[in-house]
Amino acid sequence: MGILHKFLPPEDRFAALMLYGMTFATCFNGYDAGIMTVILADDQFNEYYHVDSDRRGVIATIPWATTGLAQLCVGGTLANLVGRLWALRISIFVMCIGVVIQVVPNTYGVLLFGRLVTGLGFGCVYIATNLYVAECSPTKLRGSFVGTVSQAGYQLGTLIAFWAGYGMSFHTEPYNIAWRVSNIIQIPIGLFFMVLSFWYPESPRYLFEKYPDQPNRCLNNLAKIRSGTPTSEHVQAEFHEIVASYEYRRRFDPGYMGLIKNPALRKRLCYGLYATGLQQVGGIAAVTMYAALIYESLGWNDGNQALAINGIQAVLQLFIVFVNTFTVDRFGRRALLIAGFAIQSLALLILSSLTTSFPNNGNKPAAVVEVAMLFIVGLTYCWSNGPIAPAVASEIFPQHVRDKAFSLSLLGQTACLLALTQPWPRFNEEVGPKSYWLLFSLNVAAMISVILILPETKGITLERMDKLFGEVDAVEAGERDAEVTKIEEKTRETFEKVVGDHKAAGTPEKSSREDKAPKSHVENV
């Protein structure tokens, strides 16, 4: 019963069921990344495209070029223009087109073009998904919802991809059928979510920001998500914070201009870039993308051994994600990140020591321990820096710039991923077993940086996040502004009535200055 209440809290059961359904959006992303791990180990694929270590790095990482474009200007803009849900639908459709381009008979150049199209869709999907979940989650469970949806969906996708690829690896005829079928299996997953999404209500915070003159749209959707009515006390309390925060924020420029002009928001953007960078700075993408090849290099190259190990790891990683669900809103973001980087550092220290001591894989027990250490790194990532990074980056920005700011923040993730993943095959080939010392050093540095830099966002509502960064509490400021505005409007009405009465009675006007109603506080600001 305790576990059921944790995953489906009675007061937020509808929100939980709805948000867990969003895993199918990130599942599509996870499948695309996971299947490339299998495809890059497929001899027929490598022969078809004449893949060497340099081409392998390009094929694996080129989608992140357009993912970076999505993060820079497309994803946030799209989510703002058409809403979080329509942005998801459009982005998934784009990913499907990219997959089709990749699987039809083509050249190396066309393959890369298909990967670029897929990357553009992937970037927009990731942005819209995390924005929607962060804006719809209840405050006390926001970390677990964002983290679980983002990471569990991704791991579910990789799990399906690994085992689909493993099953297809036994089919060598017709030629090139295995990797093509493995790749196209992901399209039904994306189409399924596109249909499912039409039962979802749009984010209430997005609706209020986009249509402030129609507050009933926000209130009705908020009531539905919170399993209440527009008059429910908890719905009214949350709606009050949304309105009060908007009253304060509406004086500021929205979107990219708001980020550029405001020094406080520029500082927060640096935190966002740093937080998302933490997700990839430890080198997890390199370990995951080339997992099958790494296991082969460690001596597990008998038949489809490496793919089977990869599939088993994917099963374990899917379930270990739920450690984050139970802990992130209890212990906080910083504690889990520090613990995660400490465990990954220790595992990589052992791995690096063993690969350096037995560079030719001559010791079978050592090879077993090496695989175990890679398992620990992957499993720890799934409850630590994997899910926590998007949770932090999606919650630290005010609503009027959240879509653009979160989108730009993800450039930190992309920069770290590209810097480590693209050159990894060549680096590993030239440096050999000692290459893992680099990953060990990066994880130690990341752990120290979290201790010194990252603030704790646990238990703070989205509307009150400003105070954490030393700024004005937007809700309190909005309440004051709204109150002042009401008083001034009342004063103005009274003044105008008095002036009107004087004119009707034929009383001479005193001065033009006294005839004019006073400007409101908001206008003066």
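The values are calculated or read from the model by the stated rules, or taken from the named source; none is laboratory data. Every value quoted in this text rests on a predicted model; they were computed, and no experiment measured them. Counting neighbours? That spans all protein chains shown, and the Cβs are built from the backbone with ideal geometry, glycine included. Areas reflect the complete protein model, heavy atoms only, side chains present, ligands, DNA and RNA absent. Shrake-Rupley method; radii C 1.70, N 1.55, O 1.52, S 1.80 Å.
Assorted remarks:
- Restricting attention to region 254-273 and to residues that are in contact (Cβ under 8 Å) with a residue 12 or more places away in the chain and open to solvent by 50 Å² or more (accessible area, probe 1.4 Å), the residue that is nearest to Tyr206 (Cα to Cα) turns out to be Pro254.
- When restricted to residues that are outside any helix (DSSP H, G or I) and polar (S, T, N, Q), region 262-282 contains 1.
- The requirement of being part of a helix (DSSP H, G or I) and closer than 23 Å to Leu273 by Cα is fulfilled somewhere in region 47-61, by at least one residue.
- Every residue from region 347-368 that is modelled with pLDDT under 85 and part of a helix (DSSP H, G or I): Thr355, Lys364, Pro365, Ala366, Ala367, Val368
- Being part of a helix (DSSP H, G or I), open to solvent by 70 Å² or more (accessible area, probe 1.4 Å) and in contact with a Gly (Cβ under 7 Å, 6 or more places away or on another chain) is a description that does not apply to His240.
- Selected residue (only one of Arg334, Arg330 is open to solvent by 50 Å² or more (accessible area, probe 1.4 Å) and touching a residue at least 12 places away in the same chain (Cβ under 8 Å)): Arg334
- The residues listed here are Ser435, Ser449; of these, the one that is closer than 28 Å to Asp54 by Cα, among the small types (Gly, Ala, Ser), surrounded by fewer than 24 Cβ atoms within 10 Å (Cβ to Cβ) and out of contact with any Pro (no Cβ under 7 Å at 6 or more places or on another chain) is Ser435.
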